[in-house]
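Participant: This structure is in structure tokens; I'll ask about it shortly.
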Amino acid sequence: MNLWRQASMKFFQQVMTASIIILVLAGCNGQSAIPEGFYSYDKDEVEKAMENLEFTAELPSYVPIAAEILVTDRFYLEELDNEAFDITMFTKANDIFTIQLINGEDYQEESDFKTISISDSMEGYYQDHPYSQTLYWEKEGITYQMIYRPSEESLSEEELVQVAKSFQSS
């Protein structure tokens, strides 16, 4: 009887160990990986602020700055007759990263921008100034625009494209 008890105890320990390993591995795989050099942000706060919008837009999985302050603003673009939504993030060094979502087209002069590929099926428009970098694109009737205003170092075009590629439905 004692031998049976030891065997069942050993089996129980092995099952528990395997269960813990499986849970840990499943938990790790369930988290979306944020690439090195990019950061998470308070996506829940943004989603809550977007609940009353007249349109549904995608959000990025990560952002290119370590946001200390996050501000959202719902507004109306009278000249375009469209609802819009801003997500603005600030760093300790006062870098500013804004994501603007516009319900409809934003009539910017595309000739002022460089046409770039965001994916095989989507192109965007990039502009680099000494004081800011801008990337915008349109998808399913929504205009997405990211504007980065650095206090010192600029982001690369590739970094903005990588963030654009991370946009997905919540």
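The values are calculated or read from the model by the stated rules, or taken from the named source; none is laboratory data. Please read these numbers as outputs of a predicted model, since none were measured by experiment. Backbone-built Cβ (ideal geometry, glycine too); neighbour counts: all protein chains shown.
Participant: Quickly run through the range 50-71 and pick out the residues that are surrounded by fewer than 17 Cβ atoms within 10 Å (Cβ to Cβ) and free of Cβ contacts under 8 Å to residues at least 60 places away in the same chain.
Facilitator: Glu51, Asn52, Leu53, Glu54, Ala66, Glu68, Ile69, Val71 - these are the residues of the range 50-71 that are surrounded by fewer than 17 Cβ atoms within 10 Å (Cβ to Cβ) and free of Cβ contacts under 8 Å to residues at least 60 places away in the same chain.
Residues checked against (1) farther than 19 Å from Val46 by Cβ; (2) crowded, with 17+ Cβ neighbours inside 10 Å; (3) among the aliphatic types (A, V, I, L, M); (4) at pLDDT below 95:
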position	(1), (2), (3), (4)
Leu80	yes, no, yes, yes
Phe85	no, yes, no, no
Ala93	yes, no, yes, yes
Ile99	no, yes, yes, no
Glu109	yes, no, no, yes
Ser119	yes, no, no, yes
Ser170	no, no, no, yes
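Participant: Moving on to the next point. Those residues that are part of a strand (DSSP E or B) and hydroxyl-bearing (Ser, Thr, Tyr), I need them from the range 67-99; list them, please.
Facilitator: Across the range 67-99, the qualifying residues are Thr72, Tyr76, Thr88, Thr98.
Participant: So which of Tyr125, Tyr144, Tyr136 is more than 23 Å from Lys48 (Cβ to Cβ), touching a residue at least 24 places away in the same chain (Cβ under 8 Å) and buried (at least 17 other Cβ atoms within 10 Å of the Cβ)?
Facilitator: Tyr136
Participant: Which number in (1) surrounded by 10 or more Cβ atoms within 10 Å (Cβ to Cβ); (2) assigned to a helix (DSSP H, G or I); (3) modelled with pLDDT under 95 marks the one condition that Gly27 misses?
Facilitator: Result: Gly27 fails condition (1) only.
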